[in-house]
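Since the structure comes first, as structure tokens, the remarks are kept for the end.
The values are calculated or read from the model by the stated rules, or taken from the named source; none is laboratory data. Model, not experiment: these values are computed from the prediction. Here the Cβ is made from the backbone with ideal geometry for all residues, glycine too, and neighbour counts use every protein chain on show.
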Amino acid sequence: MKTNHSVRAVSMAIITLVTIVTFGIPAKALAMSNKIFNTISVASPIDKTLKVKNETTVQMPQELLEIEPAIDFIADEPSTLKIEINVEELRQIKIARKRALELQKQKEEEERQRQLEIQRQKEEEARRAAEAEAARIEAERQAQLAAKSQASTGVSYDELVRKLNASLNSTLAGTGETFAKYAIELGIDPYLAVAIVLHETGCKWTCSSLLRQCNNVGGMKGSPGCNGGSYKAFSSLAEGIRAFMNNLYNNYYAKGLTTPETIGPKYAASTTWASQIRNYMNELKAN
């Protein structure tokens with residue numbers, strides 16, 4: 001009975017040591033295991049034997065059959081043990097763990113990419129919706145401009161733009177739609193507005209240096225001054241046109257001055273200014 005307990009103790013000690021070596025815990029135990037696979041033996045003299053896995057024989061001297069706790073035996077007599085572990089199996093385990101980690105990272109990256117794609121699709125849908133809304137608003141605006149153009153000038157919006165462009169040359173070539181849009185939105189006669197511009201800038205032929213250099217389309221004064229002078233400079237042609245149209249509305253139309261004859265005395269010192277504007281208006285309408 002005592003022998004059976006001893007054998008059991010040795011077996012447990014060996015299993016404990018193999019477990020320790022397998023997971024790399026004590027350095028001392030690791031140094032004791034550097035061969036391959038399931039052989040376990042104890043030095044002679046031989047009195048008893050113990051069979052373990054795969055019919056490997058554990059040979060034990062008589063004196064070790066009366067051992068103290070097996071863990072003490074292992075600690076005190078490491079030189080009497082020889083343990084061989086399946087290193088290839090451990091390598092395969094490490095490979096499997098590495099592969100598992102790689103698969104986990106791959107799944108995480110796939111999920112991240114999936115979320116990015118979902119976000120991209122949402123942004124694309126939002127962009128398309130915004131474009132569709134902008135197109136709808138622009139279509140409504142064009143419809144309103146067409147209706148107002150027909151009501152105020154007697155011609156369609158496209159026809160009005162064509163007439164204005166026919167007389168706008170040099171730097172102002174192709175800006176007829178800009179003038180038409182602002183004029184209709186503000187309720188200004190587009191022929192009157194463009195006639196004043198043609199008179200002030202000479203853009204029926206070659207635009208003045210004031211317009212070319214400082215985007216001033218109506219001979220307006222103010223600061224910042226163009227080249228240090230009294231006439232105002234604008235950062236862009238669109239800004240200059242818009243400022244001119246706003247000035248015409250705020251300082252003249254809003255005060256009931258809506259014809260060349262009523263605008264002339266305030267706008268220009270020349271007594272022939274109104275008649276010259278009328279001439280330009282008639283040319284624009286006749287285009």
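If you take the residues in segment 169-194 that are closer than 18 Å to Asn279 by Cβ and in contact with a Lys or Arg (Cβ under 8 Å, 6 or more places away or on another chain), which one is surrounded by the fewest Cβ atoms within 10 Å (Cβ to Cβ)?
Per the criteria, the residue is Asn169.
Mind telling me which of the residues Ala238, Ala195, Ala183, Ala274 ends up being in a helix (DSSP H, G or I) and touching a Phe, Trp or Tyr at 6+ places or on another chain (Cβ under 8 Å)? It would help to see each step written out before you state the result.
Details: Ala238 fails: touching a Phe, Trp or Tyr at 6+ places or on another chain (Cβ under 8 Å); Ala183 fails: touching a Phe, Trp or Tyr at 6+ places or on another chain (Cβ under 8 Å); Ala274 fails: touching a Phe, Trp or Tyr at 6+ places or on another chain (Cβ under 8 Å).
Going through Ala238, Ala195, Ala183, Ala274 in turn, just one is in a helix (DSSP H, G or I) and touching a Phe, Trp or Tyr at 6+ places or on another chain (Cβ under 8 Å): Ala195.
Scan segment 88-106 and give yes if some residue there is in a loop (DSSP other than H, G, I, E, B) and either under 30 Å from Asn279 (Cα atoms) or not assigned by TED's automatic domain parsing to the domain that holds Glu239 (or both), otherwise no. Break it down into steps so the answer makes sense when it comes.
Let us first name the residues in segment 88-106 that are in a loop (DSSP other than H, G, I, E, B), namely none.
Within segment 88-106 (the criterion being in a loop (DSSP other than H, G, I, E, B) and either under 30 Å from Asn279 (Cα atoms) or not assigned by TED's automatic domain parsing to the domain that holds Glu239 (or both)), the answer is no, since none of the residues qualifies.
So for segment 223-233 (the condition being among the hydrophobic types (A, V, I, L, M, F, W, C), at pLDDT 95 or above, under 28 Å from Gly154 (Cβ atoms) and assigned by TED's automatic domain parsing to the domain that holds Leu210), does at least one residue qualify?
No, segment 223-233 contains no residue that is among the hydrophobic types (A, V, I, L, M, F, W, C), at pLDDT 95 or above, under 28 Å from Gly154 (Cβ atoms) and assigned by TED's automatic domain parsing to the domain that holds Leu210.
Among the candidates Thr206, Thr201, Thr153, single out the residue that is within 20 Å of Lys266 (Cα to Cα) and surrounded by 12 or more Cβ atoms within 10 Å (Cβ to Cβ).
Values: Thr206 fails: within 20 Å of Lys266 (Cα to Cα); Thr153 fails: within 20 Å of Lys266 (Cα to Cα).
Going through Thr206, Thr201, Thr153 in turn, the sole match is Thr201.
Asn215 - would you say it is in the same structural domain as Leu164 (by TED's automatic domain parsing) and either touching a strand residue (DSSP E or B) at 6+ places or on another chain (Cβ under 6 Å) or crowded, with 16+ Cβ neighbours inside 10 Å (or both)? Quick ask: steps written out before the conclusion?
Values: in the same structural domain as Leu164 (by TED's automatic domain parsing): yes; either touching a strand residue (DSSP E or B) at 6+ places or on another chain (Cβ under 6 Å) or crowded, with 16+ Cβ neighbours inside 10 Å (or both): yes.
Judged against the criteria, Asn215 is a match.
Name the residues in segment 141-169 that are free of Cβ contacts under 8 Å to residues at least 24 places away in the same chain, part of a helix (DSSP H, G or I) and out of contact with any Gly (no Cβ under 9 Å at 6 or more places or on another chain), would you? Before you say what the answer is, go through the steps one by one.
Going residue by residue through segment 141-169, those that are free of Cβ contacts under 8 Å to residues at least 24 places away in the same chain are 141-144, 146-147, 150-151, 154-156, 158-159, 161, 165.
Checking the rest, the ones that are also part of a helix (DSSP H, G or I) come to 141-144, 146-147, 150-151, 158-159, 161, 165.
If the condition is that a residue be free of Cβ contacts under 8 Å to residues at least 24 places away in the same chain, part of a helix (DSSP H, G or I) and out of contact with any Gly (no Cβ under 9 Å at 6 or more places or on another chain), then Arg141, Gln142, Ala143, Gln144, Ala146, Ala147, Gln150, Ala151, Asp158, Glu159 are the ones that fit.
Here are some residues: Asn246, Asn250. Which one is surrounded by fewer than 14 Cβ atoms within 10 Å (Cβ to Cβ) and in contact (Cβ under 8 Å) with a residue 40 or more places away in the chain? Steps first, please.
Working: Asn250 fails: in contact (Cβ under 8 Å) with a residue 40 or more places away in the chain.
One residue alone meets the criteria, Asn246.
Any residue at all in segment 170-177 that's within 45 Å of the chain's Cα centre (by Cα), part of a helix (DSSP H, G or I) and farther than 26 Å from Thr259 by Cβ? Before you say what the answer is, go through the steps one by one.
Filtering segment 170-177 down to residues within 45 Å of the chain's Cα centre (by Cα) leaves 170-177.
Cutting the leftovers down to part of a helix (DSSP H, G or I) gives us 170-172, 176-177.
Next cut, farther than 26 Å from Thr259 by Cβ only: 170-171.
Yes; the residues of segment 170-177 include at least one that is within 45 Å of the chain's Cα centre (by Cα), part of a helix (DSSP H, G or I) and farther than 26 Å from Thr259 by Cβ.
Out of everything in segment 198-208 that is in contact with a Leu (Cβ under 8 Å, 6 or more places away or on another chain) and not in a loop (DSSP other than H, G, I, E, B), what residue ends up being nearest to Tyr231 (Cα to Cα)?
Narrowing segment 198-208 to residues in contact with a Leu (Cβ under 8 Å, 6 or more places away or on another chain): 198, 201, 203-204, 207.
With the extra rule that they be not in a loop (DSSP other than H, G, I, E, B), the set shrinks to 198, 201.
Values: Leu198: 17, Thr201: 13 Å.
Ranking the candidates gives Thr201 first.
Of everything in segment 209-235 that's touching a residue at least 40 places away in the same chain (Cβ under 8 Å) and assigned to a helix (DSSP H, G or I), which residue is farthest from Val197 (Cα to Cα)?
First, the residues of segment 209-235 that are touching a residue at least 40 places away in the same chain (Cβ under 8 Å): 211-212, 217.
Still in the list and also assigned to a helix (DSSP H, G or I): 211-212.
Values: Leu211: 10, Arg212: 13 Å.
Across segment 209-235, the extreme among qualifying residues is Arg212.
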